[in-house]
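Data block below; observations after.
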Amino acid sequence: MTNSLEAEIEALATTAVTEVGRYEPIGKIHWPGGAQIAVNFTADFDAMLLRRLANETPSQLAKGEFGGRVGIWRLLELFDGHGIKATIFTPGRICELYPQAVAAAARSGHEIADHMWEHRVPKEPDLEQDHLRKASDAIARLTGRRPCGTRSWHTPALLKAEGFIYNSHGSVRHGPCYSTTADGGDRLVELPFHYAIDDAMFYNFAWLQSEPGEQRLSDPDRVLEMWWAGFRQQHRSGGYFNICLHPFISGRALRIAMLDKLIERMKQLPGVWFGTCADVARHCIAHHPPQRGPS
Amino acid sequence: MPWKNGYTISDEVGLADRDIRWPQARQMAVHIVLNLSVASGPEGITKSDLRSAPAVFALGEGLDLLLAALDRHALKVTVAVPAVTAKAFPSRMRELIAAGHEIAALGLKHEDTSSLPRDEERVRIRMTTDILSQITGAPPKGWYALPRQRDPFAGGTLNSATIDLLLEAGYAWAGNGLADDIPHYWVTDFDSRRSMLALPYYYHFDDQYFAMFPTKGSGLENSDMLARNWQAEFDAQYKRGRFFTMVLHPQHAGWCNRLELLETFLAGMVARPGLWVATGSDIARHWQSTYPPETHLRLEPSIWKDYPGSLS
């Protein structure tokens, strides 16, 4: 009894240490031009794919469809109007459903990054590789450029092999850091985002397959103040702010107006750098390379 | 996959702000929907729904209060009515029509028909149409499949099969489309371009998700958030020259503090110049003549390919 408990505690402690050891923090980051904060506006262009994957009702799909026919165009107009280069995490299939919007985003100078082929990562390694390549091919066909970043659960080894340099997928730290596998291999830049700065958590029913009754809706005035407080906290500490939007959610007129106010406020503060995720990842690799040896 | 079936119901790019025209060059259109159902879940109105205080309030004092609030500004609305409700309160229906409001169908008893066999759904649409026609004197032109508080999804239960049956039954428009925030076409067949006009719906402007949601006794009263959502959307859409829509239930929006929020919002709204506050059929008529699907539904050929190991 005691032995098995000891073994269990030992195993849990090892797991905790190994997991923490997978991340290499970057100390104080010197942003380009002496900026005080780097801001990544990111949009997960899922439209209706996740709803389709979960085999949900036509009205759920139509809710997502708003993102493809209306919302994405409004976000592009908002970013372009402010001279902000954003990162659009785009599932490969979306390139086939909304080719005009994806091409327009690339033409405006936004980064088109990977968000899986059909918003899932298959368990079978061959199929996973096939999906990642299909997604990259689809993006390259429309934009002329293969993605170097992803927001996904893809295997790090596969991402490295396919030329990816970053994943924007978790909240292990406030700022960019390096992630590796448990044995220290397959290093990628990690660009964290947090659900607290994610529109879906405030405005959307049935996210992550949860039922409407499990959620509360909010309003843009309230979210504006929360996000503004988050931004100012990071601005004071010389940090990083990654905002996760969804065209079908934030593309609604009331929320575009809210984002416009947020950006206006951000621009009032000194030293705010709006770059793409690829810009931030490349800056980290060039100016703050990993210290833990090659991988 | 033929075209984009199973993924999209309308064309690839929505209409831009600059291309939107309202009658007499008005700045924006407003569509207010009064939902007279007391159904709490997908099965539609039950006896236990009806044997409840909110049900009594909804067709009594609550409706009186909402109508008075609308009347103060001479606002004409669309009333979404389950056939059973019309049958129970025929004189109420005639009052609504006399006051200039439009009656649209909300199913036989506001039930989810999406999993019924086609013939069964057809029968229910016909019964609904017959009952409403008898009471109101004319067949309804609009059909709603609005969500209920206990639904697993918050967008309602329209689908292409229902739209197809509604076209067959002579309906002109469907009331709860989510793919745009202006009227848009719901395509049921790509090859023949068979489609129906859908008027926009969005759950952030539907009182039921902010009034003791998810259920009574929870204390989860967020009517202040509802009012801020209405205001933020109205202001943003006014600037764009587009469309504002809200869904009101007497049992939710009609209750003291919420009623006051509604009255404040409506008073601010009507103070803005250039509004076109219209019923569903007026909006549908304008849209179908200004943007007929033959010229304005732009269905691009699909570049989609099916692959093994991928969803089709």
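Residues of region B:218-244 that are part of a helix (DSSP H, G or I) and open to solvent by 30 Å² or more (accessible area, probe 1.4 Å): B:D224, B:R228, B:Q231, B:D235, B:Y238, B:K239, B:R240. Please indicate, with yes or no, whether at least one residue in region A:210-226 is over 30 Å from B:P152 (Cα atoms), of a type outside the set (K, R) and not in a strand (DSSP E or B). Yes, the conditions are met somewhere in region A:210-226.
Would you say A:D114 is on the phi < 0 side of the Ramachandran plot and open to solvent by 40 Å² or more (accessible area, probe 1.4 Å)? For A:D114, the condition - on the phi < 0 side of the Ramachandran plot and open to solvent by 40 Å² or more (accessible area, probe 1.4 Å) - is not met.
Regarding B:S160, is this residue open to solvent by 20 Å² or more (accessible area, probe 1.4 Å) and within 24 Å of A:A54 (Cβ to Cβ)? It is true that B:S160 is open to solvent by 20 Å² or more (accessible area, probe 1.4 Å) and within 24 Å of A:A54 (Cβ to Cβ).
Take the residues of region A:48-76 that are more than 9 Å from chain B (Cβ to nearest Cβ) and not in a helix (DSSP H, G or I): which is least open to solvent (accessible area, probe 1.4 Å)? This residue is A:A54. Look at (1) part of a helix (DSSP H, G or I); (2) in contact (Cβ under 8 Å) with a residue 24 or more places away in the chain and you find that B:A145 fails only one, number (1). Tell me whether region A:167-187 contains one or more residues that are within 14 Å of chain B (Cβ to nearest Cβ), open to solvent by less than 10 Å² (accessible area, probe 1.4 Å) and not in a loop (DSSP other than H, G, I, E, B). No: zero hits. From the list A:M201, A:M266, which residue is modelled with pLDDT of 95 or more and over 27 Å from A:R146 (Cα atoms)? The conditions single out A:M266.
Could you go through region A:6-23 and let me know if any residue there is open to solvent by less than 30 Å² (accessible area, probe 1.4 Å) and not in a loop (DSSP other than H, G, I, E, B). Within region A:6-23, none of the residues are open to solvent by less than 30 Å² (accessible area, probe 1.4 Å) and not in a loop (DSSP other than H, G, I, E, B).
Here A:D219 fulfils each of the conditions (1) open to solvent by 10 Å² or more (accessible area, probe 1.4 Å); (2) acidic (D, E); (3) closer than 30 Å to B:D224 by Cβ apart from (1). The condition of being open to solvent by 10 Å² or more (accessible area, probe 1.4 Å), modelled with pLDDT of 95 or more and touching a strand residue (DSSP E or B) at 6+ places or on another chain (Cβ under 6 Å) holds for only one of A:T143, A:T150, that being A:T143.
Comparison of B:T215, B:T295 shows that the only residue that is assigned to a helix (DSSP H, G or I) and open to solvent by 40 Å² or more (accessible area, probe 1.4 Å) is B:T295. Taking region B:123-150 as the range and being open to solvent by 60 Å² or more (accessible area, probe 1.4 Å), over 15 Å from the mean Cα position of the chain (by Cα) and either within 27 Å of A:F205 (Cβ to Cβ) or not β-branched (V, I, T) (or both) as the test, the residues that pass are B:R126, B:M127, B:D130, B:Q134, B:G137, B:P139, B:R150.
For region A:81-88, check the following and say yes or no: at least one residue is within 13 Å of chain B (Cβ to nearest Cβ) and surrounded by 22 or more Cβ atoms within 10 Å (Cβ to Cβ). Checked against the condition, which is being within 13 Å of chain B (Cβ to nearest Cβ) and surrounded by 22 or more Cβ atoms within 10 Å (Cβ to Cβ), region A:81-88 yields no hits at all.
For region B:64-87, give me each residue that is aliphatic (A, V, I, L, M) and open to solvent by less than 10 Å² (accessible area, probe 1.4 Å).
Taking region B:64-87 and keeping what is aliphatic (A, V, I, L, M), we get B:65-70, B:74-75, B:77, B:79-81, B:83-84, B:86.
Correct list: B:L66, B:A69, B:L70, B:L75, B:V77, B:V79, B:A80, B:V81, B:A83, B:A86.
Per the listing B:H286, B:H249, the residue uniquely open to solvent by less than 20 Å² (accessible area, probe 1.4 Å) and of a type outside the set (A, V, I, L, M) is B:H249. Just one of the listed residues (B:R26, B:R18) is open to solvent by 70 Å² or more (accessible area, probe 1.4 Å), within 14 Å of another protein chain (Cβ to nearest Cβ) and within 30 Å of A:I72 (Cβ to Cβ), namely B:R18. The conditions of being under 16 Å from A:Q60 (Cα atoms), in contact with a Phe, Trp or Tyr (Cβ under 8 Å, 6 or more places away or on another chain) and of a type outside the set (K, R) are not met by B:A161.
For region B:88-122, filtered to residues that are within 16 Å of B:D64 (Cβ to Cβ) and among the charged types (D, E, K, R), the residue that is least open to solvent (accessible area, probe 1.4 Å) is B:R92.
Would you check if there is a residue in region A:198-209 being within 14 Å of chain B (Cβ to nearest Cβ), closer than 29 Å to A:I26 by Cα and assigned to a loop (DSSP other than H, G, I, E, B)? Scanning region A:198-209, I find at least one residue that is within 14 Å of chain B (Cβ to nearest Cβ), closer than 29 Å to A:I26 by Cα and assigned to a loop (DSSP other than H, G, I, E, B), so the answer is yes.
For region A:24-47, filtered to residues that are buried (at least 18 other Cβ atoms within 10 Å of the Cβ) and among the polar types (S, T, N, Q), the residue that is farthest from A:A200 (Cα to Cα) is A:N40. Selection within region A:245-291: residues that are out of contact with any Gly (no Cβ under 8 Å at 6 or more places or on another chain), among the small types (G, A, S) and open to solvent by 10 Å² or more (accessible area, probe 1.4 Å). The member of this set that is farthest from the other protein chains (Cβ to nearest Cβ) is A:A286.
The values are calculated or read from the model by the stated rules, or taken from the named source; none is laboratory data. The structure displayed is predicted, hence computed values, not measured ones. Cβ sites come from the backbone with ideal geometry, for glycine too, and all protein chains shown count toward neighbours. We work out accessible area using only protein heavy atoms, side chains counted, and drop any ligands, DNA or RNA first. Shrake-Rupley method; radii C 1.70, N 1.55, O 1.52, S 1.80 Å.
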